[in-house]
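K.L.:
The structure is given below, and queries will be raised subsequently.
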Amino acid sequence: MGGRIVVFGATGYTGRLVAERLAGAGERPVLAGRSPERLQALAADLGGLETAHGDVLRTNSVFSLVEEGDVLVTTVGPFLKWGEPAVRAAITARAAYIDSTGEPAFIRRVFENHGPVGAQAGVPLLTAMGYDFVPGALAGALALEEAGEAAVRVDVGYYALGMTAASGSAGTRASMVGATLNDAFAYRDGKLRTVRSAERVRSFMVKDKERAAVSVGGAEHLGLPASYPRLREVNVYIGWFSGLARPMQASALVGSLATRVPGVREALEFAGEKLVSLADGPEAGTTGEGMSWIAAQAYDAGGEPLAEVHLSGANWYAFTADFIAWAARAAAGGRVKGAGALGPVEAFGLEELERGCALAGLSRADG
């Protein structure tokens, strides 16, 4: 059969949004997850879609979700805990793979561990295809194009204007716990290096105001150098809670020291996930208000700024759902370039990526 789009985790917050976008675009995605009752209810709401059982604790059930020529979209996280079965299932079946992760350690695992296997199998692996970290790849690439061959460094900053403690879904909050406790990485001196989370703090001018952000390991560290081999340094920053940048940096330093003690990382992760699960999140099927803002600056070897690009637009969850749905349709239509782990610029080309982001509600900011 083949050619289907399978949404694994369809009854979760992000999975439901993606399924709704696909159905709204006229697609008939297969809805996959653990709960038959919740799947059937969602399938009925979306016009009588096909459902399938998939549970990461039963690996065979995940492998049975896809076959050659399919597109597997997974939103099942935290990905460091639960992401392996889906990516391995896609490679084994020779199905295109797309995920919504924003977890640096998992992104690196997809590129370094699964990427070579996927390339050999002819399977495109598109990790981190949501707000983390597609917009930064686009903004960074546009800045590099404007700057020209002299640009060897690019800095990207992410902002979620209007974000509150209740704006994050349960899955996002759980993923953030793991990301905070694990080492990050950065592309420096032409190599990918392991670094501490929130190692650096810098500010970007966003809506006429300097806003601080902390460094993170983003997919841009892996994807942009593949598209722009002249790059020597890539920096990615998140300024979701700009006023807390310095305290977050200090907390990350303390945490990195504490987690060197055997058992501490696991205990903190367990406690953190339990704590964040108590907080309210956005209602299923809604994305709330708020504005996404991404800044990118390209520099020459001497640190002189050469070009700057800003993108703004849709709420971060709305963008994630719309862009993943667009990417899934592109993959199903054979419009992904290459195989193995691919950044969005490599996968779609810059012009098509800019078009896809615009369709998902994100474009250049005025001024």
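K.L.:
Could you give me the ³J(HN,Hα) list for the stretch 119-124, computed from phi with Karplus coefficients 6.51, -1.76, 1.60 and θ = phi - 60°, whole Hz, x at Gly and Pro?
P.N.:
Listing the rounded values in order: 4, 5, 7, x, 10, x Hz.
K.L.:
Ordered by residue, what ³J(HN,Hα) values in Hz, to whole numbers, does the stretch 58-69 give under the Karplus form 6.51 cos²θ - 1.76 cosθ + 1.60, where θ = phi - 60° and Gly and Pro are x?
P.N.:
Using θ = phi - 60°, the values come out as 10, 3, 4, 5, 6, 4, 7, 6, 10, 9, 4, x Hz.
K.L.:
Which far-off residues, 5 or more places away or on another chain, put their amide H under 5 Å from the one on residue 52, with H placed in the peptide plane?
P.N.:
Under 5 Å from the amide H of residue 52: 31, 32, 33.
K.L.:
To continue, here is another question. Under 19 Å from the Cα of residue 209, which aspartates and glutamates turn up, not counting those fewer than eight places away in the same chain?
P.N.:
Cross-link targets: 155, 308, 366.
K.L.:
Find out how many positive minus negative residues lie around residue 43, taking Lys and Arg as positive, Asp and Glu as negative, among other residues whose Cβ is under 15 Å from that of residue 43.
P.N.:
With Lys, Arg at +1 and Asp, Glu at -1, the neighbours total 0.
K.L.:
In the stretch 1-116, what percent of the accessible surface is made up of carbon and sulfur (1.4 Å probe, ligands and nucleic acids excluded)?
P.N.:
46
K.L.:
Per residue, what accessible area does the stretch 25-124 have, given a 1.4 Å probe and all protein chains present, in Å²?
P.N.:
I get 43 Å² per residue for this part.
K.L.:
Rolling a 1.4 Å sphere over the protein heavy atoms, what is the accessible area per residue of the stretch 287-361, to the nearest Å²?
P.N.:
36
K.L.:
I would also like to ask the following. When ranked by the protection proxy of mean other Cβ atoms within 10 Å per residue, highest first, what sequence do the peptides 24-37, 91-104, 307-320, 6-19 form?
P.N.:
In decreasing order of mean packing, 24-37, 91-104, 307-320, 6-19 become 6-19, 91-104, 307-320, 24-37.
The values are calculated or read from the model by the stated rules, or taken from the named source; none is laboratory data. It should be emphasised that the depicted structure is a prediction, and the values quoted were computed from it without experimental measurement. Ideal geometry is used to build each Cβ from the backbone, glycine not excepted, and the neighbour counts take in all protein chains shown. Surface areas here come from the heavy atoms of the whole protein model, side chains and all, with no ligands, DNA or RNA. Shrake-Rupley method; radii C 1.70, N 1.55, O 1.52, S 1.80 Å.
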